[in-house]
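Okay, structure first, notes after.
What follows is calculated from the coordinates using simple rules that are stated; it is not laboratory data. In this text, all values refer to a predicted model and were calculated from it rather than measured experimentally. When we count neighbours, we look across all protein chains shown, and the Cβ atoms used for this are built from the backbone with ideal geometry, even at glycine.
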Amino acid sequence: MTFADLGLSDQLLKAIGESGYTEPTPIQASAIPSVLMMKDLVAIAQTGTGKTAAFVLPMIDILGEGRSRARMPRSLILEPTRELAAQVAENFEKYGKYHKLSMALLIGGVSMGDQQKALEKGVDVLIATPGRLMDLFQRGKILLTGCDLLVIDEADRMLDMGFIPDIEEICTKLPKSRQTLLFSATMPPPIKKLADKFLNNPKTIEVARPATANVNITQWVVPVSAAKKRDKLVSLLRAEQVKTGIIFSNRKTTVRDLNKALQRAGFASGEIHGDMEQSQRIAELERFKKGDINLLVASDVAARGIDIKGVSHVFNYDAPWHPDDYIHRIGRTGRAGATGIAFTFITPDDAENIQNIEKLTGLKIERYGAGDEAADAAPAASPEAREERAPRRGRKPASARAAPTEAKAAPTEEPAPREARQPREARPAREERPAREERPARDERPAREERPARTPRDSRPARTEPRNDRRDERPAREPRAPQQDAPDDGGWNGPMPSFLSAKLTVD
C-alpha cells in the first residue's frame, strides 16, 4: 500500500514524497481513511509508529477547504509537553508547505503577546498544552466555539501529568458536533472513561498490544552497583561505539552532573531537563539533531514524542519508576523500521521496577554480561564465603576451624592408660619462688622523725604591714566537749542555736 491509496491530495502526496516516505506505517494506513471520513477515532499505538503523521496528514487535507476567523481556531491539538507540541508544529510545516494553512503554537516559556497576535489573525490549526490554553481562555483571548476538530495526543501521558480535568473542561467548551481523535500508547480505565464520555461512536484501532516494546529494539538489563554506574556507562559508550544516543535519568540533578562528567571524559554531550528555559531546550535539541553533539542526557520531559532520526542507542541510567515510561524511553530508537539498542542499568534496589516492566511488556529482558556485572551488583558475601576466598592473617580458614565431629570421635592414636602415666609425686616440682621478706610489725617500725613544735602565735614577731584579713581578730574556739547520748525525751537534742544563746548588751 502507498500513500496515494489512502485518498490524500496531490499537494500532500508531493510533500510526503519530498520528505522521503513512500509507504505508510500500519497506524497511518488504518487511521488516515477513517479521519478523512470525519469519524471519531481511538488509536492505541506504541510510540515510534508514526502516529503523529496519522492525524497531521488527514487534517491538512480537511482544513484545506474553508478559512479561519479571528480568535476562533478551526482545529485544536492538545499535547502534554512543549517538546511534543513543537514537534507537531514541525510536521505541519513539513507536510503542509503546499497548503496555505495558518498555525499557532500555545506553550509555556514563550511570549504570550506573540501568541495572542497570532490568534487575533485567525488560525487553522492551534497546537497547545492544556495549561497555556486554559490561561488564555480564562483571559478571554480565545474562543473555542468554532473548533470542529479536536486531537488529544498522548492521552496516557496527560493522565500521568494530571491534565485530565483540564481536558474535560476544554471538551465542554467545544461544539458537540465536532470530530475527536484520541491517541494513546495504553488504555487505562480513566482514559477509557474519557473516550466513552466525549467521543461519539469512535472507531478503535490497535496496531500493537498495549505497552508492547518495539520488536526492532534489542533490550538489555545491566546489573551494576550504584557506585559503578557512571564507570559502566562510559565503558559501554566506548565499547558500543555509539553514534547517536539518549541517556535518561529520573532526576534533574543527575542529568546535570552526568552531562558534566561525560564532557570531562571527552564525549560530545548535552542536556535537557525541566529546569531549562524553553529556548534553551529547543536550542539543545537542534544541536542534537544537527550532530553537533551525539549524546543527549535527558529527564523524562524528553521521553515521549521526540522524533529524532538515527538514534542508535538508549541508555536508562536510572531504571524508570513507572513501567509505561520504559516503553516511551526506549521508543526513541528503532523508529520508522530502523533497529536500535536499549540498555537499562539496575541496582539491587531496582528489582521491583524491572519486575513491573517485564510484567507490563510480557518480555523477560536479557541480562547483559550476567557474570561480571551480576557480581558487581550482588550484595556483600557472607563472612564464611569471604573467609574461604581470603583467610585472615594469622587465622585458620573456616573449614579448618569447623572440623567434622566424626574426626573427634575417632582419633588415630589411643590415649595412654591411666596406670602408665607418671604419678604426680614423681613429676619434677616447679622451682619454688623465693619467699617475700616479712615486713616488720607496725610496732617494730622505726618512728617517723618528729617535726619541731610550732612556735606559739603570741611569741611570733608582729607583722609590720597591715593584713587585710580579720581572721586574727576572731577569738579562739574552745574545744567542743563530746556529747553523750541522752534518752529521747521528744525534745531538741542538737546544739543550741546561736540566736538563743545571744546576750543582750545595754549601753
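Using Cα pairs under 8 angstrom and six or more residues apart, how large is the relative contact order of region 1-130, in percent?
Relative CO of region 1-130 lands at 28 percent.
So what J values fall out for region 2-16 if you push phi through Karplus, 6.51 cos²θ - 1.76 cosθ + 1.60 with θ = phi - 60°, rounded to Hz, Gly and Pro as x?
For region 2-16, the Karplus curve yields 10, 5, 5, 6, 8, x, 7, 6, 5, 4, 5, 4, 5, 5, 5 Hz.
For VAL207, which sequence-distant residues (separation of 5 or more, or a different chain) have an amide H within less than 5 Å of its own amide H, given hydrogens modelled in the peptide plane?
ILE44
Starting with the highest mean, order 253-259, 8-14, 53-59 by the number of other Cβ atoms within 10 Å, averaged over the residues of each peptide.
53-59, 253-259, 8-14
Go through region 95-108 residue by residue and turn each phi into a ³J(HN,Hα) via Karplus (6.51, -1.76, 1.60, θ = phi - 60°); whole Hz please, and just put x for glycine and proline.
Ordered by residue, 3J(HN,Hα) equals 8, x, 5, 9, 10, 8, 10, 9, 9, 9, 10, 10, 9, x Hz.
May I ask you to order 361-369, 222-230 by the average number of other C-beta atoms within 10 Å around their residues, highest value first?
The densest-packed peptide leads the list: 222-230, 361-369.
With a 10 Å radius around each residue's Cβ, average the other Cβ atoms per peptide and rank 350-358, 155-163, highest first.
Values: 350-358: 16.9, 155-163: 20.0.
The packing order, highest mean first, is 155-163, 350-358.
Under the rule a/c < 1.5 gives rounded, and otherwise a/b versus b/c splits prolate from oblate, where does region 44-168 land using the Cα gyration tensor?
Cα axes put region 44-168 in the oblate bin.
Report the paramagnetic label zone for GLU352: residues of region 225-250 whose backbone N is under 17 Å from a point 7 Å from Cα along the Cα-to-Cβ axis.
Once the point is set 7 Å along Cα→Cβ of GLU352, nothing inside region 225-250 turns out to lie under 17 Å by backbone N.
Give the lysines whose C-alpha is closer than 24 Å to that of LYS121, dropping any in the same chain fewer than 8 places away, or say none.
By straight Cα distance, LYS121 reaches LYS94, LYS97, LYS100, LYS141, LYS173.
Using Cα-Cα distances under 8 Å and only pairs 6 or more residues apart, what relative contact order does region 213-361 have, in percent?
Once normalised by length, the contact order is 35 percent.
In terms of modelled amide H atoms, which long-range or inter-chain residues lie less than 5 Å from the amide H of SER102?
Amide H neighbours of SER102, under 5 Å, 5+ apart: ASP124, VAL125.
I'd like the FRET efficiency for ARG139 and GLN280, computed as 1/(1 + (r/R0)^6) with the beta carbon distance as r and R0 of 45 Å, rounded to 0.05.
0.95
On a full-extension model of 0.36 nm per residue, what is the gain between LEU13 and HIS99, subtracting their alpha-carbon distance, rounded to one decimal in nm?
So the extension gain works out to 29.8 nm.
Take the alpha-carbon centre of region 189-267, take the same for region 139-169, and report the distance between them in whole Å.
For region 189-267 versus region 139-169, the Cα centre distance is 26 Å.
Please give, to one decimal in nm, the separation of the simple spin-label points placed at ALA265 and ILE308, each 7 Å out from Cα toward the Cβ.
The answer from the label model is 1.7 nm.
Mind listing the phi-derived Karplus ³J(HN,Hα) values for region 163-179, rounded to whole Hz, using 6.51, -1.76 and 1.60 with θ = phi - 60°, and x for any glycine or proline?
Each residue's phi maps through the Karplus curve to give 8, 4, x, 5, 5, 4, 5, 4, 5, 6, 8, 8, x, 5, 8, 6, 9 Hz.
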